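Some notes on the structure that comes next.
The values are calculated or read from the model by the stated rules, or taken from the named source; none is laboratory data. Bear in mind that the values here come from a model prediction, so they are computed numbers and not experimental data. Backbone-built Cβ (ideal geometry, glycine too); neighbour counts: all protein chains shown. Calculation scope for accessible area: heavy atoms of the full protein, side chains included, ligands and nucleic acids excluded. Shrake-Rupley method; radii C 1.70, N 1.55, O 1.52, S 1.80 Å.
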Amino acid sequence: GGTVSGSGTFEPKISKFDVATKIEDVNLGEYFRYKSPLLADVLVGRIDADVNLGGQGKTWEDLQKTLKGSGGALVVEGALLNVNLAQQLFTSVQSMPMVPAGFADRIKAKNPKLFAGNSTAFENLAGKVSIADGKLNTNDLHLKSSDFSLTGGGWFSFAKEMDLNTTLTLSQKLSNDLVAEVPMAKYLLNS
């Protein structure tokens, strides 16, 4: 399913390319499995994107050093694989002062779907991006799930590293669960 269309140039003797691409309703899990196995364990979902991309190299190691581009993308009904952001967040909160013992376990019991598995499911993930120096950069990242949202920016590297600065907004239910367990958390809430 889905379509990829575009135009561009390719110089086969030196493995150099420059393309403008439109992607509509492509299954990222399937695409990565066949075309970019290094990313197959990072992200799944269906993507719409407009991307301008260029680079040179006969191997992925060579190509990622020269890859440059820009564009925007929207991934729907997806998941970040091999990371459960809620699990990491609430485990970190557990170690803070004035947080009662067993806090994270009680939040997990109230929200089993959120903490199930080693992935972070989302409704949509969107942003404008630029690609350079082995990194995908964004200052316009939006991730929305039924339990929380993240907005912000930073970068993801082709080496599977990331540095993001985001604002976390919890759902009303998750906020209520948090305050029920840690009453002082009510001072962190706003509209």
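Report yes if Phe90 is of a type outside the set (Gly, Ala, Ser), under 30 Å from Leu53 (Cα atoms) and touching a helix residue (DSSP H, G or I) at 6+ places or on another chain (Cβ under 7 Å), otherwise no.
Criteria not met by Phe90.
Being acidic (Asp, Glu) and either in a helix (DSSP H, G or I) or touching a residue at least 40 places away in the same chain (Cβ under 8 Å) (or both) is the filter here; which residues of segment 31-71 pass it? The answer is Asp41, Glu61, Asp62. Take the residues of segment 94-115 that are open to solvent by less than 30 Å² (accessible area, probe 1.4 Å) and not polar (S, T, N, Q): which is nearest to Tyr187 (Cα to Cα)? My answer is Val99. Looking only at residues of segment 121-142 that are free of Cβ contacts under 8 Å to residues at least 40 places away in the same chain and touching a Leu at 6+ places or on another chain (Cβ under 8 Å), we find that the one that is most open to solvent (accessible area, probe 1.4 Å) is His142.
Does any residue of segment 90-106 turn out to be part of a strand (DSSP E or B) and either touching a residue at least 60 places away in the same chain (Cβ under 8 Å) or within 20 Å of Thr166 (Cα to Cα) (or both)? No, segment 90-106 has no match at all. Once segment 12-27 is narrowed to residues that are touching a residue at least 24 places away in the same chain (Cβ under 8 Å) and either farther than 15 Å from Asp50 by Cα or exposed (fewer than 10 other Cβ atoms within 10 Å of the Cβ) (or both), the residue that is farthest from the chain's Cα centre (by Cα) is Ile14.
The conditions of being over 27 Å from Glu11 (Cβ atoms), of a type outside the set (A, V, I, L, M) and surrounded by fewer than 15 Cβ atoms within 10 Å (Cβ to Cβ) are met by Asn118. Among the residues of segment 76-83, none qualifies, meaning not one is of a type in the set (Asp, Glu) and in a helix (DSSP H, G or I). Please work out which residue is farthest from Leu81 (Cα to Cα), limiting yourself to segment 25-60 and to residues that are in contact with a helix residue (DSSP H, G or I) (Cβ under 6 Å, 6 or more places away or on another chain) and β-branched (Val, Ile, Thr). Taking the candidates together, the pick is Ile47. Of all residues in segment 153-165, none are in a helix (DSSP H, G or I), within 25 Å of the chain's Cα centre (by Cα) and surrounded by fewer than 13 Cβ atoms within 10 Å (Cβ to Cβ). Just one of the listed residues (Gly71, Gly8) is open to solvent by 40 Å² or more (accessible area, probe 1.4 Å) and among the small types (Gly, Ala, Ser), and it is Gly8. Checked against (1) in contact with a His (Cβ under 8 Å, 6 or more places away or on another chain); (2) at positive phi, Thr151 passes all but a single condition, namely (2).
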